[in-house]
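The values are calculated or read from the model by the stated rules, or taken from the named source; none is laboratory data. In this text, all values refer to a predicted model and were calculated from it rather than measured experimentally. Every residue, glycine as well, gets a Cβ built from its backbone with ideal geometry; the counts of neighbours run over all protein chains shown. Ligands, DNA and RNA are excluded from the accessible area calculation, which covers all protein heavy atoms including side chains. Shrake-Rupley method; radii C 1.70, N 1.55, O 1.52, S 1.80 Å.
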Amino acid sequence: MRTGVDTGRCIGSGMCALTAGEVFDQREDDGKAVVLRPEPPADSWDAVRDAAGLCPTGAITVWTQARPDT
């Protein structure tokens with residue numbers, strides 16, 4: 001699993017950091033999310049999925065397979 005945050009969509013609600021603090025944090029200057037562990041350990045996958053689902057803007061992406069080339 002891999003995860004990422006679209007900081008252009010993020011509004012800094014903090015749901016990701018509250019739900020999966022071992023994977024997400026917030027920047028000091030604007031509160032937008034940052035990914036601490038782009039490839040989180042398996043024991044945090046449920047929390048990462050929950051964080052993505054709770055994000056009010058859908059700024060969190062979770063890939064369960066190899067990330068497609070764009």
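Applying the set (1) at positive phi; (2) in contact with a Gly (Cβ under 6 Å, 6 or more places away or on another chain) to Gly58 leaves exactly one unmet item: (2). Taking the criterion of being modelled with pLDDT of 95 or more and among the acidic types (Asp, Glu), the residues of region 13-70 that qualify are Glu22, Asp25, Glu28, Asp29, Asp30, Glu39, Asp43, Asp46, Asp50. Would you mention how many residues in region 4-41 are open to solvent by 40 Å² or more (accessible area, probe 1.4 Å) and in contact with a Pro (Cβ under 6 Å, 6 or more places away or on another chain)? Residues meeting the conditions: 1.
Filtering region 10-31 to residues that are assigned to a helix (DSSP H, G or I) and more than 9 Å from the chain's Cα centre (by Cα) leaves Met15, Leu18, Thr19. For region 42-60, does any single residue satisfy the condition of being exposed (fewer than 12 other Cβ atoms within 10 Å of the Cβ), among the hydroxyl-bearing types (Ser, Thr, Tyr) and part of a loop (DSSP other than H, G, I, E, B)? No, because not a single residue in region 42-60 is exposed (fewer than 12 other Cβ atoms within 10 Å of the Cβ), among the hydroxyl-bearing types (Ser, Thr, Tyr) and part of a loop (DSSP other than H, G, I, E, B). For first residues located in region 38-59 and among the hydroxyl-bearing types (Ser, Thr, Tyr), partners that are surrounded by 13 or more Cβ atoms within 10 Å (Cβ to Cβ) and lie 6+ apart or on another chain with Cβ distances below 7 Å form the pairs Ser44/Ala20; Ser44/Glu22; Ser44/Val23; Thr57/Arg9; Thr57/Cys10; Thr57/Ile11.
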